[in-house]
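Engineer: Quick one: this structure, given as structure tokens, is what I'll be asking you about.
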Amino acid sequence: MAKLNFGGTEENVVTREEFPLSKAQDVLKNETVAVIGYGVQGPGQALNQKDNGINVIVGQRKNSKTWDKAIADGFVPGETLFEIEEALERGTIICYLLSDAAQIALWPTVKKHLTPGKALYFSHGFGITFNEQTGIVPPADVDVFLVAPKGSGTSLRRMFLQGRGLNSSYAIFQDATGNAFERVIALGIAVGSGYLFETNFKKEVYSDLTGERGTLMGCIQGIFAAQYEVLRANGHTPSEAFNETVEELTQSLMPLVAENGMDWMYANCSTTAQRGALDWWKKFRDATKPVFEDLYKSVATGFESQRSIDSNSQPDYREKLDAELKELRDSELWQAGKTVRSLRPENQAVEA
Ligand SMILES: NC(=O)C1=CN([C@@H]2O[C@H](COP(=O)(O)OP(=O)(O)OC[C@H]3O[C@@H](n4cnc5c(N)ncnc54)[C@H](O)[C@@H]3O)[C@@H](O)[C@H]2O)C=CC1
Ligand SMILES: CC(=O)[C@](C)(O)C(=O)O
Ligand SMILES: [Mg+2]
Ligand SMILES: [Mg+2]
């Protein structure tokens with residue numbers, strides 16, 4: 001395990017150099033990895049493992065769209081694709097990749113198949129950390145760990161195909177066999193992680209829920225909308241407002257941040273822009289920090305997890321989510337974005 005210095009703090013990180021794929025294949029050679037669920041993470045993790053030569057099977061409900069998708073992706077019914085219970089029976093490592101809310105309903109079935117020595121694998125600390133809400137309490141004689149890719153399952157697969165790995169967190173909740181560490185790292189490498197950062201279940205879920213509600217998804221849409229609305233209210237056209245709020249950020253400036261940090265992006269902008277950004281960033285930090293503090297509390301009290309469970313367990317949750325996504329898509333901001341995107345050379349032929 002490498003110790004790396006992150007801004008003055010040393011942390012444990014496992015790299016592909018010290019734990020190469022050949023070692024992962026060796027650790028997993030007598031295991032059957034059963035991926036239960038084939039939504040977003042399921043396909044990415046199952047396909048990467050398959051391409052990495054791991055003995056992986058998929059468990060999915062027959063007569064569902066995702067069953068057909070698994071077949072289209074190369075999984076074969078009766079050989080590598082099974083009904084959920086059969087996959088649970090065959091698997092020695094159970095990758096529990098149903099949505100966090102759906103994991104609750106299937107848990108009694110999963111538990112039945114967790115015989116001594118098997119391993120229960122998650123990609124989130126949710127089910128275990130909020131076990132008072134989920135009822136997920138594994139038996140003591142199985143390994144329990146997580147590998148949480150820090151990105152969409154879609155990116156996990158894309159980056160694997162490009163020969164790059166996506167960074168993941170890993171954590172061990174229970175080491176019943178004495179082999180939990182080797183097993184979890186081998187899986188982390190097999191599913192396509194680049195680097196594996198050590199954490200625990202609670203820290204993983206608290207930070208993940210904060211991040212997705214915060215800067216990664218919720219906050220970013222909130223500040224886009226706020227700036228766009230102010231520009232529009234002051235007579236700017238939709239295209240101008242969109243370009244100055246989103247397009248320039250994603251196409252020009254964020255790639256520079258990704259490449260070499262915020263000061264590098266600033267350094268590549270005008271001195272006028274630098275002066276303004278340096279004057280204003282702390283105001284935005286101070287204005288939003290109380291909101292982030294509320295958010296973290298809301299995660300830590302279990303309010304956020306309960307809300308996800310309640311809304312995502314309803315029979316019509318998918319329709320309701322789709323309606324909310326449609327509202328976003330139909331907003332002037334993102335409709336303006338659609339036209340702006342259509343002007344990119346790569347989209348000229350496809351988007352009208
Ligand atoms: N979406 C992502 O890229 C990421 C997800 N995660 C975690 O990975 C896990 C899986 O998440 P996703 O792939 O987003 O899940 P998802 O929302 O795509 O659902 C996965 C599967 O669950 C199935 N399912 C839903 N209800 C079911 C039920 N009652 N019985 C049987 N199957 C049912 C769906 O058909 C689907 O195949 C979660 O713990 C999530 O927090 C972690 C990192 C990123
Ligand atoms: C993609 C990811 O890691 C998220 C945003 O946390 C999630 O999909 O839950
Ligand atoms: Mg998440
Ligand atoms: Mg995440």
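The values are calculated or read from the model by the stated rules, or taken from the named source; none is laboratory data. None of the values given here were measured: they were computed from a predicted structure. Cβ coordinates were reconstructed from backbone atoms using ideal geometry, including for glycine residues, and neighbour counts include every protein chain displayed. Ligands, DNA and RNA are excluded from the accessible area calculation, which covers all protein heavy atoms including side chains. Shrake-Rupley method; radii C 1.70, N 1.55, O 1.52, S 1.80 Å.
Engineer: If a residue has to be under 17 Å from GLU247 (Cα atoms), open to solvent by less than 30 Å² (accessible area, probe 1.4 Å) and either outside the structural domain of PHE303 (by the TED database) or among the β-branched types (Val, Ile, Thr) (or both) to count, how many in the stretch 206-225 make the cut?
Structural biologist: Result for the stretch 206-225: 0.
Engineer: Which pairs have Cβ atoms under 7 Å, sit 6 or more apart or on different chains, and link a residue in the stretch 192-215 that is more than 23 Å from GLY44 (Cα to Cα) to one that is within 11 Å of ligand 3 (Cβ to nearest atom) and small (Gly, Ala, Ser)?
Structural biologist: LYS202/GLY125
Engineer: If ALA2 satisfies all but one of (1) over 21 Å from the mean Cα position of the chain (by Cα); (2) closer than 29 Å to GLU132 by Cβ; (3) of a type in the set (A, V, I, L, M, F, W, C), what's the number of the condition it fails?
Structural biologist: It is condition (2) that ALA2 fails.
Engineer: Sticking with this one: Only one residue in THR134, THR109, THR129, THR80 is in the same structural domain as VAL33 (by the TED database), closer than 21 Å to LYS50 by Cβ, open to solvent by less than 60 Å² (accessible area, probe 1.4 Å) and among the β-branched types (Val, Ile, Thr). Which one? Outline the logic, then answer.
Structural biologist: On the way: THR134 fails: closer than 21 Å to LYS50 by Cβ; THR109 fails: closer than 21 Å to LYS50 by Cβ; THR129 fails: closer than 21 Å to LYS50 by Cβ.
Every option except THR80 fails the conditions.
Engineer: Among the candidates LEU216, LEU209, LEU253, single out the residue that is among the hydrophobic types (A, V, I, L, M, F, W, C), within 16 Å of ligand 3 (Cβ to nearest atom) and assigned to a helix (DSSP H, G or I).
Structural biologist: Just one listed residue meets the conditions, LEU209.
Engineer: Test VAL56 against the criterion of being aliphatic (A, V, I, L, M), in the same structural domain as GLY151 (by the TED database), surrounded by 17 or more Cβ atoms within 10 Å (Cβ to Cβ) and in contact with a Cys (Cβ under 7 Å, 6 or more places away or on another chain), and give yes or no.
Structural biologist: Values: aliphatic (A, V, I, L, M): yes; in the same structural domain as GLY151 (by the TED database): yes; surrounded by 17 or more Cβ atoms within 10 Å (Cβ to Cβ): yes; in contact with a Cys (Cβ under 7 Å, 6 or more places away or on another chain): no.
It is false that VAL56 is aliphatic (A, V, I, L, M), in the same structural domain as GLY151 (by the TED database), surrounded by 17 or more Cβ atoms within 10 Å (Cβ to Cβ) and in contact with a Cys (Cβ under 7 Å, 6 or more places away or on another chain).
Engineer: Give all pairs with beta carbons closer than 6 Å in which a residue from the stretch 150-163 that is assigned by the TED database to the domain that holds GLY39 meets a residue that is assigned to a helix (DSSP H, G or I) and within 7 Å of ligand 1 (Cβ to nearest atom); count only pairs at least 6 apart in sequence or on separate chains.
Structural biologist: Pairs that qualify, where the first residue is assigned by the TED database to the domain that holds GLY39 and the partner is assigned to a helix (DSSP H, G or I) and within 7 Å of ligand 1 (Cβ to nearest atom), are GLY153/GLN41.
Engineer: Among the listed residues LEU156, LEU187, identify the single one that is assigned to a helix (DSSP H, G or I) and within 14 Å of the chain's Cα centre (by Cα). Write out each step before concluding.
Structural biologist: On the way: LEU187 fails: within 14 Å of the chain's Cα centre (by Cα).
Of LEU156, LEU187, the one residue that is assigned to a helix (DSSP H, G or I) and within 14 Å of the chain's Cα centre (by Cα) is LEU156.
Engineer: Taking only the stretch 82-117 into account, find how many residues are closer than 20 Å to ILE189 by Cβ, out of contact with any helix residue (DSSP H, G or I) (no Cβ under 6 Å at 6 or more places or on another chain) and in a loop (DSSP other than H, G, I, E, B).
Structural biologist: Total satisfying the criteria: 2.
Engineer: Ok, one more. For the stretch 26-53, what are the residues that are more than 16 Å from ligand 1 (Cβ to nearest atom) and either open to solvent by 70 Å² or more (accessible area, probe 1.4 Å) or assigned to a strand (DSSP E or B) (or both)?
Structural biologist: Filtering the stretch 26-53 down to residues more than 16 Å from ligand 1 (Cβ to nearest atom) leaves 26-32, 50-53.
Those that are more than 16 Å from ligand 1 (Cβ to nearest atom) and either open to solvent by 70 Å² or more (accessible area, probe 1.4 Å) or assigned to a strand (DSSP E or B) (or both): ASP26, LYS29, ASN30, LYS50, ASP51.
Engineer: Something else: Which of the following residues is out of contact with any Gly (no Cβ under 9 Å at 6 or more places or on another chain), β-branched (Val, Ile, Thr), under 20 Å from ARG183 (Cβ atoms) and free of Cβ contacts under 8 Å to residues at least 40 places away in the same chain: THR109, THR115? Walk me through it before giving the result.
Structural biologist: Values: THR109 fails: under 20 Å from ARG183 (Cβ atoms).
When all the criteria are applied, what remains is THR115.
Engineer: While we're on this one: Looking only at residues that are within 20 Å of GLU11 (Cβ to Cβ) and of a type in the set (Ser, Thr, Tyr) in the stretch 138-177, which one is surrounded by the fewest Cβ atoms within 10 Å (Cβ to Cβ)?
Structural biologist: TYR170
Engineer: Sticking with this structure for a sec: What's the number of the condition GLY337 fails, among (1) open to solvent by 80 Å² or more (accessible area, probe 1.4 Å); (2) touching a residue at least 60 places away in the same chain (Cβ under 8 Å)?
Structural biologist: Unmet condition: (1).
Per-residue answers, yes or no, for (1) of a type in the set (Val, Ile, Thr); (2) farther than 22 Å from VAL137 by Cα:
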site: PHE6; (1), (2): no, yes
site: SER22; (1), (2): no, yes
site: ASP26; (1), (2): no, yes
site: ASN52; (1), (2): no, yes
site: GLU85; (1), (2): no, no
site: ILE94; (1), (2): yes, no
site: LEU98; (1), (2): no, no
site: GLN103; (1), (2): no, no
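Engineer: Moving on. Of the residues in the stretch 178-204, how many are of a type in the set (D, E, K, R) and surrounded by fewer than 16 Cβ atoms within 10 Å (Cβ to Cβ)? Lay out the reasoning, then the answer.
Structural biologist: Step one: of the stretch 178-204, the residues of a type in the set (D, E, K, R) are 182-183, 198, 202-204.
Subset that is surrounded by fewer than 16 Cβ atoms within 10 Å (Cβ to Cβ): 198, 202-203.
Total satisfying the criteria: 3.
Engineer: With respect to the numbered conditions (1) more than 14 Å from PHE122 (Cα to Cα); (2) open to solvent by 50 Å² or more (accessible area, probe 1.4 Å); (3) more than 16 Å from ligand 3 (Cβ to nearest atom); (4) touching a Leu at 6+ places or on another chain (Cβ under 9 Å), which one is the sole condition not fulfilled by TYR228?
Structural biologist: (2)
Engineer: Separate question: Just name the residue that is most open to solvent (accessible area, probe 1.4 Å) out of those in the stretch 299-314 that are farther than 12 Å from LEU209 by Cβ and in a helix (DSSP H, G or I). If you could, list the steps in order and put the result at the bottom.
Structural biologist: If we filter the stretch 299-314 for residues that are farther than 12 Å from LEU209 by Cβ, which is where we start, we get 309-314.
When the remaining residues are screened for being in a helix (DSSP H, G or I), the result is 309-312.
Numbers: ILE309: 12, ASP310: 84, SER311: 42, ASN312: 57 Å².
Result: ASP310.
Engineer: Let me ask something else. Are any residues in the stretch 164-184 within 19 Å of the chain's Cα centre (by Cα) and away from ligand 1 (no atom under 14 Å from the Cβ), and if so, which ones?
Structural biologist: Filtering the stretch 164-184 down to residues within 19 Å of the chain's Cα centre (by Cα) leaves 164-172, 184.
The answer is ARG164, GLY165, ILE172, VAL184.
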